Amino acid sequence: MYEVVNPAVAKSIMSRMNSLQLRTEIAFFEIELEKIEGGNLRKMYLNLRAFAQRRLKVLTSKNDSYEFEF
């Protein structure tokens, strides 16, 4: 899927995923990154994996602050 999808579209899709789906995508990127040696596809996978990890961290962290953030 990621070879034909724009990275911005992939990020949009991942931003709607739940934590289990994000973990699955992160595992996919890990497997693919072991196979790919270099190039633009590897850079894209690295960036998408980092995005998924940040998104997962946001979903799994508890926010104890009840103040509004503007």
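Bear in mind these aren't lab numbers, they're just calculated from the coordinates by the rules spelled out. For clarity, every value in this text was computed on a predicted model and none was experimentally measured. Counting neighbours? That spans all protein chains shown, and the Cβs are built from the backbone with ideal geometry, glycine included.
Observations
- Size of the chain from its Cα atoms: along the principal axes, largest to smallest, the extents are 45, 20, 17 Å.
- Dipole magnitude for region 1-53: computed about the Cα centre from +1 point charges on Lys and Arg Cβ and -1 point charges on Asp and Glu Cβ, it is near 200 debye.
- Cut-off 12 Å between beta-carbons: net charge of the residues surrounding PHE51, Lys and Arg +1, Asp and Glu -1: +4
- Judged by the mean number of other Cβ atoms found within 10 Å, the most tightly packed of the peptides 1-8, 54-61 leads the ranking 54-61, 1-8.
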